[in-house]
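A.B. asks: Would you mind keeping the following structure in view while I ask a few things?
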Amino acid sequence: MCLGIPGRVVELLDGFAGHLALVDVQGGSRRVNIGMLDAPPEPGAWVLIHLGFAVEVIDAAGAARALAGLELIGRGRRQRRRYTVSGLVQGVGFRPFAYATAAALALTGSVANTADGVVIEVEGDPDDVAEYGRRLRAQAPPLAMIVAVAQEELPSTGGTGFTIEPSRGGPARTLASPDVATCADCLHELGDPADRRHRHPFINCTNCGPRFTIITGLPYDRDATTMASFPMCPACRAEYEDPADRRFHAQPIACPACGPRLTLVDAAGAPVSPGEDPVTAARRLLASGRIVAVKGLGGYHLACDARDPAATGELRRRKQRGGKPFAVMVADLGTARRLAELSAGDEELLGGARRPIVLAPRRAGSGLAAEVAPGNPDLGLMLPYTALHALLLGLPGDPPGPDALVMTSGNRSGEPIVTDDGEALRRLAPLADAWLRHDRPIRVPCDDSVSRHVDGAELPVRRSRGYAPLPVALPFPVAPTLAAGADLKSACAVASGRYAWLSQHIGDMDDLATINALTVTERHLEELTGVRPELLVADLHPGYRSSEWALRNADGRPVRRVQHHHAHVASVMAEHGLGAGERVIGVAFDGTGFGPDGAAWGGEVLVAGYRTYRRAARLGYVPLAGGDASVLRPYRMALAHLHAAGLPWHSWLPPVAACPRAERDLLARQFATGAGCVPTSSMGRLFDAVSSLIGVRHAVEYEAEAAIVLEGVARAAPAGPGRAYRFEVSVSPDGSDVADPGPVVRDLATDLRAGVPAPVLAAGFHAAVAGLIADLADRCRERTGLDVVALGGGVFQNALLISGASRLLRERGFTVLRPRLLPPNDGGIALGQLVIGASGGSWNPAEED
């Protein structure tokens, strides 16, 4: 009998000219070539395996002797070591990788998921054991994110097999994977008529598919996902157990035989076109101008033909969307290039595993309906990230259908995304004509992420699917802490030790449904991370619903309140890993945030650390009359800035003409007396004011619309030197700088009267704000010696501004920190709240680091 490893035949595999069998080797299934044997072995027979070939049929006694011989040989020089790998190592193919690596190095042992991550024990030649540890770190699966690899020497126990053992539970301390876009291999199988998963809408493998949205608990195994109710068919089970297969231990593994399954139903839940493929029927509805609710990974989309003006207009009307842009999904990069001007960075984002909606300048003559993004300079584009999306857009050879689909969140404006099938029929009944749904439950609601590429780096706008719940490394350890986030673009966060976990995008805290969604989301985040917060942190604003939520849910735990703009700056600091004692010049520009002096802040320069901050500069105060009324009607802010600049309200000024006479008279009295007004230093409101002043937008239907359109107008300005507008900076009695926008407003009005085109005016204003940031940073550096500038706040979603300001700052020798992992808007503020709260931070501006 030659030297080999004994194994027991499980079954002979179909095809492969009858030369392959599935063989059990010490508890693990392997595909073995049996072509060298005189005759195929019967299931249950023992064979001796050498280099992947069955070389001899043996009996049970022979198998025992072969195993004993291997153990005897191995006792001469063997080492056993346990590796505990923590990080994002579950749901990313790590156990199959551990198995294959052990096989390649001829090591015995086992691998298992635990609540701490993945635990591996290997035994064999000491050099091979050491090489195994190196490969764990250097050659991990592409979706893995290793935080640490701990190792422990163990007594040698012998053995010849390497097995994947059942997962072991306990308090969660590992990382859950985000959902991953369908990989190229699965897409190839989807379109291959010879493949058994041809046109299967739920095709996935170890390298792709649903993760976060189906996880019910950790460790990550099929039983702890919403796939638990779908037993694997024999063919899927064989792939799942085969170390050589791409679906080895792929927990969401699926096929037409074992589900999930699609159905297309009407508002009563009755099947549409019974007997017809649901996707084919849905494509026909979309091509005929209908609106279809499509159940995806993290909730329902509302879909229609993006080239059909009637369909997109009707969807806008039904959803009460106003002018807010729709996202558009296209089949491939070629189609995307015909619709928008894409940089290499844009294309990388579009085609990556995360597949966010990418904002890019729209091309003229694209053929999309004007109702997709009325008056907006950009398009939000995304590529399919599930097989269902690919099928809806059509595979080669399919009948013609829409090549661009509006894919907007399945909800009424302001409500959370719908995930439950019954709820979808009820809540989306006024919005959809049909429902394309499946029977796999969605555990976690998760909207599409939104991003853009600016100056060689990603600038997130909304962090959700594909990104959450990936952690952010913290620069110092923190006690278990919960941050409630803000009221707009709400996202909460928990942290413990050196990591923070931010939730997916939740929404605006405008109604009870969103507040309830915050509660559910935070509890799920605790379940996944094992963090049990001992401290809660919330915004200083006395009227924020998120802060009220924190107080209601404190349950005796302390609640620390932090200033809004301090949190914006701290978020950027933490993302970039600044230490506990470091300080920066923090520029926080946004729409509004509660100031300790009772004013509405929003144009702030702070000298900030984590624990404290000092207000070093601000935009000059102007009156904000009527709160939300001035946000929705930018002409009111334009009139406020004209008043503050000492300019008469001439009838030829666009905001004067846009404001009804009665309202104008009331505003004049309010500005004169201060009645019903709050002073504001908001840079976001200044962008609104300038948008109205030069005739771009006088009223808005969604947040930041006036500023977004103003940026688009500015991008249309001719290249070369533009208008030179400058703020006037003075020193206030408390020693801080005050930037008066009055000179900019006056010069804009003068140039407008002289007939200077709006794009030139808009570009000049952007340049003035970028120059102001650099000037204020210079003045702050002279007083403090600091030369690191952190840019945060929603105004820095503006690509033109953040690019121009960063360039000027770098030219003057500053190190510039800008958001790259989290949005600059309130969607990333929870990280800042965490690190301030955990540092014992105070909003008291009298304190300094």
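The values are calculated or read from the model by the stated rules, or taken from the named source; none is laboratory data. Computed from a predicted model, the values in this text were never measured in an experiment. Counting neighbours? That spans all protein chains shown, and the Cβs are built from the backbone with ideal geometry, glycine included.
A.B. asks: Tally up the residues in the range 715-755 that are among the polar types (S, T, N, Q), assigned to a loop (DSSP other than H, G, I, E, B) and free of Cβ contacts under 8 Å to residues at least 12 places away in the same chain, please.
C.D. replies: The first filter runs over the range 715-755 and keeps only residues among the polar types (S, T, N, Q), leaving 730, 732, 736, 750.
In the following step, the residues that additionally are assigned to a loop (DSSP other than H, G, I, E, B) were identified as 732, 736.
Applying the additional criterion that residues be free of Cβ contacts under 8 Å to residues at least 12 places away in the same chain yields 732.
Residues that pass the stated criteria total 1.
A.B. asks: Across the range 485-538, which residue is nearest to residue 298 (Cα to Cα) among those that are of a type in the set (Val, Ile, Thr) and not in a loop (DSSP other than H, G, I, E, B)? Reasoning before the result, please.
C.D. replies: Keep residues of the range 485-538 that are of a type in the set (Val, Ile, Thr), which gives 494, 506, 514-515, 519-521, 529, 531, 537.
Right, trim to not in a loop (DSSP other than H, G, I, E, B) and you get 494, 514-515, 519-521, 529, 537.
Working: 494: 21, 514: 16, 515: 18, 519: 17, 520: 15, 521: 13, 529: 20, 537: 28 Å.
For the range 485-538, the residue satisfying everything is 521.
A.B. asks: Would you be able to say whether some residue in the range 300-312 is over 22 Å from residue 269 (Cα atoms), assigned by TED's automatic domain parsing to the domain that holds residue 389 and surrounded by fewer than 18 Cβ atoms within 10 Å (Cβ to Cβ)? Please lay out each step first, then the result.
C.D. replies: Our first condition is that a residue be over 22 Å from residue 269 (Cα atoms); within the range 300-312, this holds for 305-312.
Imposing the further condition that a residue be assigned by TED's automatic domain parsing to the domain that holds residue 389 reduces the set to 305-312.
Narrowing the set further to residues that are surrounded by fewer than 18 Cβ atoms within 10 Å (Cβ to Cβ) leaves 309-310.
Yes, the range 300-312 has at least one match.
A.B. asks: Sticking with this structure for a sec: Test each condition in (1) surrounded by fewer than 22 Cβ atoms within 10 Å (Cβ to Cβ); (2) within 20 Å of residue 201 (Cα to Cα); (3) out of contact with any Pro (no Cβ under 8 Å at 6 or more places or on another chain) for residue 331 and report the one that comes out false.
C.D. replies: Going through the list (1) surrounded by fewer than 22 Cβ atoms within 10 Å (Cβ to Cβ); (2) within 20 Å of residue 201 (Cα to Cα); (3) out of contact with any Pro (no Cβ under 8 Å at 6 or more places or on another chain), residue 331 breaks only (3).
A.B. asks: What number of residues within the range 549-566 satisfy the criterion of being in a helix (DSSP H, G or I) and under 26 Å from the mean Cα position of the chain (by Cα)?
C.D. replies: 5
A.B. asks: What is the residue count in the range 769-825 for residues that are on the phi > 0 side of the Ramachandran plot and either crowded, with 22+ Cβ neighbours inside 10 Å or of a type in the set (Asp, Glu) (or both)?
C.D. replies: Initially, the range 769-825 is screened for residues on the phi > 0 side of the Ramachandran plot, giving 785, 793, 813.
Applying the additional criterion that residues be either crowded, with 22+ Cβ neighbours inside 10 Å or of a type in the set (Asp, Glu) (or both) yields 793.
Number of matching residues: 1.
A.B. asks: Further question: In the range 75-96, which residues are closer than 22 Å to residue 115 by Cα, surrounded by fewer than 24 Cβ atoms within 10 Å (Cβ to Cβ) and modelled with pLDDT of 90 or more?
C.D. replies: 81, 82, 83, 84 - these are the residues of the range 75-96 that are closer than 22 Å to residue 115 by Cα, surrounded by fewer than 24 Cβ atoms within 10 Å (Cβ to Cβ) and modelled with pLDDT of 90 or more.
A.B. asks: Can you confirm whether residue 774 is among the hydrophobic types (A, V, I, L, M, F, W, C) and farther than 25 Å from residue 584 by Cα? Explain how you work it out, then say what you get.
C.D. replies: Numbers: among the hydrophobic types (A, V, I, L, M, F, W, C): yes; farther than 25 Å from residue 584 by Cα: no.
In short, no.
A.B. asks: Outside the structural domain of residue 145 (by TED's automatic domain parsing), out of contact with any Leu (no Cβ under 7 Å at 6 or more places or on another chain), surrounded by fewer than 19 Cβ atoms within 10 Å (Cβ to Cβ) and modelled with pLDDT of 95 or more: does that describe residue 548? Reasoning before the result, please.
C.D. replies: Numbers: outside the structural domain of residue 145 (by TED's automatic domain parsing): yes; out of contact with any Leu (no Cβ under 7 Å at 6 or more places or on another chain): yes; surrounded by fewer than 19 Cβ atoms within 10 Å (Cβ to Cβ): yes; modelled with pLDDT of 95 or more: yes.
So residue 548 fits the description; yes.
A.B. asks: In the range 348-384, what residues are among the polar types (S, T, N, Q) and free of Cβ contacts under 8 Å to residues at least 60 places away in the same chain? Give the derivation first.
C.D. replies: Restricting attention to the range 348-384, the residues satisfying the condition of being among the polar types (S, T, N, Q) are 366, 376.
366, the sole residue that qualifies.
A.B. asks: When only residues in the range 225-262 that are among the small types (Gly, Ala, Ser) and in a loop (DSSP other than H, G, I, E, B) count, which is farthest from residue 118 (Cα to Cα)?
C.D. replies: Per the criteria, the residue is 257.
A.B. asks: Return yes when residue 758 is hydrophobic (A, V, I, L, M, F, W, C), free of Cβ contacts under 8 Å to residues at least 40 places away in the same chain and more than 23 Å from residue 560 (Cα to Cα) and no when it is not.
C.D. replies: On the way: hydrophobic (A, V, I, L, M, F, W, C): yes; free of Cβ contacts under 8 Å to residues at least 40 places away in the same chain: no; more than 23 Å from residue 560 (Cα to Cα): yes.
It is false that residue 758 is hydrophobic (A, V, I, L, M, F, W, C), free of Cβ contacts under 8 Å to residues at least 40 places away in the same chain and more than 23 Å from residue 560 (Cα to Cα).
A.B. asks: So residue 265 passes all but one of these: (1) crowded, with 22+ Cβ neighbours inside 10 Å; (2) in contact with a strand residue (DSSP E or B) (Cβ under 7 Å, 6 or more places away or on another chain). Which condition number does it fail?
C.D. replies: Every condition holds for residue 265 apart from (1).
A.B. asks: Might you check whether a residue that is crowded, with 23+ Cβ neighbours inside 10 Å, hydroxyl-bearing (Ser, Thr, Tyr), touching a strand residue (DSSP E or B) at 6+ places or on another chain (Cβ under 8 Å) and not in a strand (DSSP E or B) occurs anywhere in the range 181-192?
C.D. replies: Looking through the range 181-192, at least one residue is crowded, with 23+ Cβ neighbours inside 10 Å, hydroxyl-bearing (Ser, Thr, Tyr), touching a strand residue (DSSP E or B) at 6+ places or on another chain (Cβ under 8 Å) and not in a strand (DSSP E or B).
A.B. asks: Look at residue 289 and say whether it is at pLDDT 95 or above and touching a Cys at 6+ places or on another chain (Cβ under 9 Å). Can you show your working first?
C.D. replies: On the way: at pLDDT 95 or above: yes; touching a Cys at 6+ places or on another chain (Cβ under 9 Å): yes.
Spelling it out, residue 289 is indeed at pLDDT 95 or above and touching a Cys at 6+ places or on another chain (Cβ under 9 Å).
A.B. asks: Would you check if residue 401 is free of Cβ contacts under 8 Å to residues at least 24 places away in the same chain, in a loop (DSSP other than H, G, I, E, B) and in the same structural domain as residue 266 (by TED's automatic domain parsing)? Steps first, please.
C.D. replies: Values: free of Cβ contacts under 8 Å to residues at least 24 places away in the same chain: no; in a loop (DSSP other than H, G, I, E, B): yes; in the same structural domain as residue 266 (by TED's automatic domain parsing): yes.
Considered against the rule, which asks whether it is free of Cβ contacts under 8 Å to residues at least 24 places away in the same chain, in a loop (DSSP other than H, G, I, E, B) and in the same structural domain as residue 266 (by TED's automatic domain parsing), residue 401 comes out as no.
A.B. asks: Those residues that are among the aliphatic types (A, V, I, L, M) and either part of a strand (DSSP E or B) or in contact (Cβ under 8 Å) with a residue 60 or more places away in the chain (or both), I need them from the range 126-169; list them, please.
C.D. replies: Keep residues of the range 126-169 that are among the aliphatic types (A, V, I, L, M), which gives 129-130, 136, 138, 140, 143-150, 154, 164.
143, 145, 146, 147, 148, 149, 150, 154, 164 - these are the residues of the range 126-169 that are among the aliphatic types (A, V, I, L, M) and either part of a strand (DSSP E or B) or in contact (Cβ under 8 Å) with a residue 60 or more places away in the chain (or both).
A.B. asks: Consider the range 242-262. How many of its residues are surrounded by 15 or more Cβ atoms within 10 Å (Cβ to Cβ) and out of contact with any His (no Cβ under 8 Å at 6 or more places or on another chain)? Step through it out loud before you land on a result.
C.D. replies: At the first step, the residues of the range 242-262 found to be surrounded by 15 or more Cβ atoms within 10 Å (Cβ to Cβ) are 242-243, 245-256, 258-262.
Next cut, out of contact with any His (no Cβ under 8 Å at 6 or more places or on another chain) only: 242-243, 245-253, 258-259.
Counting residues in the range 242-262 that are surrounded by 15 or more Cβ atoms within 10 Å (Cβ to Cβ) and out of contact with any His (no Cβ under 8 Å at 6 or more places or on another chain) gives 13.
A.B. asks: Also, quick follow-up: Only one residue in 35, 52, 28 is in contact with a helix residue (DSSP H, G or I) (Cβ under 8 Å, 6 or more places away or on another chain), at pLDDT below 90, farther than 11 Å from residue 8 by Cβ and surrounded by fewer than 15 Cβ atoms within 10 Å (Cβ to Cβ), so which one is that?
C.D. replies: Numbers: 52 fails: in contact with a helix residue (DSSP H, G or I) (Cβ under 8 Å, 6 or more places away or on another chain); 28 fails: surrounded by fewer than 15 Cβ atoms within 10 Å (Cβ to Cβ).
It is 35.
A.B. asks: Could you identify the single residue in 745, 729 that is touching a helix residue (DSSP H, G or I) at 6+ places or on another chain (Cβ under 6 Å), modelled with pLDDT of 95 or more and among the β-branched types (Val, Ile, Thr)?
C.D. replies: On the way: 729 fails: touching a helix residue (DSSP H, G or I) at 6+ places or on another chain (Cβ under 6 Å).
745 is the lone residue from the list that is touching a helix residue (DSSP H, G or I) at 6+ places or on another chain (Cβ under 6 Å), modelled with pLDDT of 95 or more and among the β-branched types (Val, Ile, Thr).
A.B. asks: Output the residues belonging to the range 100-115 that are under 23 Å from residue 252 (Cβ atoms) and either surrounded by fewer than 23 Cβ atoms within 10 Å (Cβ to Cβ) or at pLDDT below 90 (or both). Give the steps one after another, and end with the answer.
C.D. replies: Narrowing the range 100-115 to residues under 23 Å from residue 252 (Cβ atoms): 100, 111-115.
Within the range 100-115, 100, 112, 113, 114, 115 qualify.
A.B. asks: Looking only at strands (runs of 3 or more DSSP E) that lie completely in the range 1-63, which have at least 3 residues being in contact with a Gly (Cβ under 9 Å, 6 or more places away or on another chain) and hydrophobic (A, V, I, L, M, F, W, C)? Before the answer, list the steps.
C.D. replies: Working: elements: 5-12, 20-25, 28-33, 46-50, 53-58.
By residue number, 5-12, 20-25, 46-50, 53-58.
A.B. asks: Further question on the same structure: How many of the residues in the range 458-473 are outside any loop (DSSP other than H, G, I, E, B) and modelled with pLDDT of 95 or more?
C.D. replies: Taking the range 458-473 and keeping what is outside any loop (DSSP other than H, G, I, E, B), we get 458-462, 471-473.
So of that shortlist, the ones also modelled with pLDDT of 95 or more come out as 458-462.
Summing the residues that are outside any loop (DSSP other than H, G, I, E, B) and modelled with pLDDT of 95 or more in the range 458-473 gives 5.
A.B. asks: Sort through 409, 413 and tell me the only one that's crowded, with 21+ Cβ neighbours inside 10 Å, under 30 Å from residue 801 (Cβ atoms) and under 21 Å from the mean Cα position of the chain (by Cα).
C.D. replies: Details: 413 fails: crowded, with 21+ Cβ neighbours inside 10 Å.
When all the criteria are applied, what remains is 409.
A.B. asks: Can you tell me which residue is surrounded by the most Cβ atoms within 10 Å (Cβ to Cβ) among those in the range 339-366 that are assigned to a loop (DSSP other than H, G, I, E, B) and in contact with a helix residue (DSSP H, G or I) (Cβ under 8 Å, 6 or more places away or on another chain)?
C.D. replies: Pass one, the range 339-366, residues assigned to a loop (DSSP other than H, G, I, E, B): 341-343, 352-356, 363-366.
Restricting the remaining residues to those that are in contact with a helix residue (DSSP H, G or I) (Cβ under 8 Å, 6 or more places away or on another chain) gives 342, 356, 363, 366.
Numbers: 342: 21, 356: 28, 363: 15, 366: 17.
The qualifying residue surrounded by the most Cβ atoms within 10 Å (Cβ to Cβ) is 356.
A.B. asks: Need pairs with beta-carbon distance below 7 Å; first residue assigned by TED's automatic domain parsing to the domain that holds residue 801 and within the range 768-787, second in a helix (DSSP H, G or I) and among the small types (Gly, Ala, Ser); sequence gap 6+ or separate chains.
C.D. replies: Taking only residues 6 or more apart or on different chains, the pairs are 770/804; 770/805; 773/805; 774/805.
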